[in-house]
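To keep things clear, I will list the structure first and then write my remarks on it.
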Amino acid sequence: MAASKPVEAPGGGGTAGLSRWQLALVLGAPILLGAGAIYLWGRRAARRGKGASERKTPEGRASPGPGGDGGSGQPDGPGHEEMSPLGRAQAAKNKGNKYFKAGKYELAIQCYTEAISLCPPEKNLDLSTFYQNRAAAYEQLQKWTEVAQDCTKAVELNPKYVKALFRRAKAHEKLDNKKECLEDVTAVCILEAFQNQQSMLLADKVLKLLGKEKAKEKYKNREPLMPSPQFIKSYFSSFTDDIISQPLLKGEKSDEDKDKEGEASEVKENSGYLRAKQYMEEENYDKIISESTKEIEAKGKYMAEALLLRATFYLLIGNASAAKPDLDQVISMEDANVKLRANALIKRGSMYMQQQQPVLSTQDFNTAADIDPQNADVYHHRGQLKILLDQIEEAVEDFDECIRLRPNSALAQAQKCFALYRQAYTGSNALTVQAAMKGFEDVIKKFPKCAEGYALYAQALTDQQQFGKADEMYDKCIDLEPDNATTYVHKGLLQLQWKQDLDKGLELISKAIEIDNKCDFAYETMGTIEVQRGNLDKAIEMFNKAINLAKSEMEMAHLYSLCDAAYAQTEVAKKYGLKPPTL
């Protein structure tokens, strides 16, 4: 297969390419801490200055408002016999600051309270500072409700008061008000032009938490959804020693299957598994789980095969909890065909990787290698796992073993080449990068019909900013696999990075959706682009479509994070009139 979504878990039908949020880089934007990658507009801003320093508390004077110094009204000088009301308020605040620095927070609160009561109500910016300072003292006492209340007062008086917004965000985090926390920290990120690491870390943290919470609930109650036929075929094409994906032999045909001359094929017993296999050949995938279940319930002769086939389709529709017992049972069948058991271990190991359990995943792949050391699939998929774990040298060793066992495995050779490129690229070694790039040329020359070779080469060429040649490689992918939607997504992203051609990029991604309306990667990418264009409602619509198509809880959590970030921006725009720069 070619040009699949960037880095799926091993065995998931994806390339060993870049992670999905790393693809944000092609839009000229930074990776902002995993799920927070929706904040995609900051690379140019990041070049303009260093990150903001740690915010210091409390403040000695009012925070200037837009267009002026805030009219802070310093206390009258010593020549005056009597201070003004604002002067007395400032004096109380200054006294509170001394108590604060001495760690006497209760006394500081009393002084700030006095400053609030003395301050003339029209002195908005000074009054906002007094509330913010009292919130800082409450923060030291971990009185989070009071912190949030005082920060709210400060923000009402000075709507773009960064320090108060950030302090309230932290209080909301402590109070487990994730939505409110996200909105406040989003406003802070925009006001600070995404240059303060503290705010971005908090944004990332709360996005991940929100994403996980929502995904857990949604995934538990989701309707299973069969992927597109193209995805299913791509998935099975990544296995060469998978018995259940092999075509039916003539002798396995059921008695209903007769040839055109009317001569019956060899009659076999009435088998749910054989019917399921027939449905696979016909691409009638919706019936496979039910037919496999009939074989299992009847305890037929193909029970092990039926368990593995049913588990595989449970995985494909995103029902890992149903797949696992079937895989466990196959793996424990010591009298079953060793290739069935090895395949079940590969698939369970891939499932564990999707669930972010790399230790269990590694154990399964190692066990598969122990029980079936001549199985090329084991090394191919373990090599993909090692890339995900950044164990590049071990990945290359596994690909080498796969190639030794199956010299004509174009996919393994292409992925080995990409692993070597990743190793060279991350090591910033120009000579080894050049050698890796030549390796891609050798692969596509040796295997001119391996679309994956062109796709991976195109990703490497894009890294090297050889955009024209990368575009040619994607065109070759499309020639070989015109129904592979993800190739069009990659080509669309390339147009954005290369020519800043939004219209062409969106046209290609729309084409991907036309080819495969279940391509979640296309919806996610379109949503990301719409964020950059400032079309937040459209972005949220696209992210929600991707969420409904997500194949794992982890993938769904990531998508919810993107959607929540876009939604927070809409709320911040309504409340404060703040919008990030757009393309």
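The values are calculated or read from the model by the stated rules, or taken from the named source; none is laboratory data. As the structure is a computational prediction, the values presented were derived from the model and not from experiment. Cβ sites come from the backbone with ideal geometry, for glycine too, and all protein chains shown count toward neighbours. Note: areas computed on protein heavy atoms with side chains; ligands, DNA, RNA excluded. Shrake-Rupley method; radii C 1.70, N 1.55, O 1.52, S 1.80 Å.
Net charge near N375: determine it from the other residues with C-beta under 11 Å of the C-beta of N375, scoring Lys and Arg +1 and Asp and Glu -1. If you can, show how the numbers build up before the last one.
On the way: positive: K339, R341, R382, R406; negative: D241, D242, D370, D372, D377, E401.
Charge balance near N375 sits at -2.
Pairs of lysine in the range 477-540 with Cα under 19 Å and at least 8 positions apart or on different chains: total? Intermediate results must be reported in sequence, preceding the final value.
Values: K491/K499; K491/K504; K491/K511; K491/K518; K499/K511; K504/K538; K511/K538; K518/K538.
Lysine pairs meeting the criterion: 8.
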Legend entry - Whole-Hz ³J(HN,Hα) from phi, Karplus 6.51 cos²θ - 1.76 cosθ + 1.60, for the range 483-498, glycine and proline x: 9, 8, 4, 5, 4, 5, 5, 4, 5, x, 4, 4, 4, 5, 6, 7
Legend entry - Efficiency of FRET between D442 and N548 - r from beta-carbon atoms, R0 35 angstrom, step 0.05: 0.25
Inset, instruction - Could you go through the range 326-338 in sequence order and give the Karplus-derived ³J(HN,Hα) for each residue, using 6.51 cos²θ - 1.76 cosθ + 1.60 with θ = phi - 60°, rounded to whole Hz, and x for Gly and Pro? - result: 5, 5, 4, 5, 4, 4, 7, 7, 5, 8, 7, 3, 4
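Multiply the residue separation of Q464 and Q374 by 0.36 nm, subtract the distance between their alpha-carbon atoms, and state the gained length in nm to one decimal. Mind showing how you got there, number by number?
On the way: separation 90, 0.36 × 90 = 32.40 nm, distance 3.70 nm.
Gain in length upon complete extension: 28.7 nm.
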Inset, instruction - Can you check what the net charge comes to around T432, using other residues whose Cβ is under 12 Å from the Cβ of T432 (Lys, Arg +1; Asp, Glu -1)? - result: +2
Legend entry - Cα-centred dipole magnitude for the range 429-583, charges only on beta-carbon of K, R (+1) and D, E (-1), debye, nearest 20: 300 debye
Legend entry - Accessible area per residue in Å² at 1.4 Å probe, computed on the range 134-230: 44 Å²
Legend entry - J(HN,Hα) series, the range 405-413, from Karplus relation 6.51 cos²θ - 1.76 cosθ + 1.60, nearest Hz, glycine and proline x: 6, 9, x, 8, 6, 4, 4, 5, 5
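What order do you get for 167-176, 129-138, 381-390 when each peptide is scored by the mean count of other beta carbon atoms within 10 Å, highest first?
Peptide ranking by packing, descending: 129-138, 381-390, 167-176.
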Legend entry - Contact order normalised by residue count of the range 118-180, Cα under 8 Å, 6+ apart, percent: 31 percent
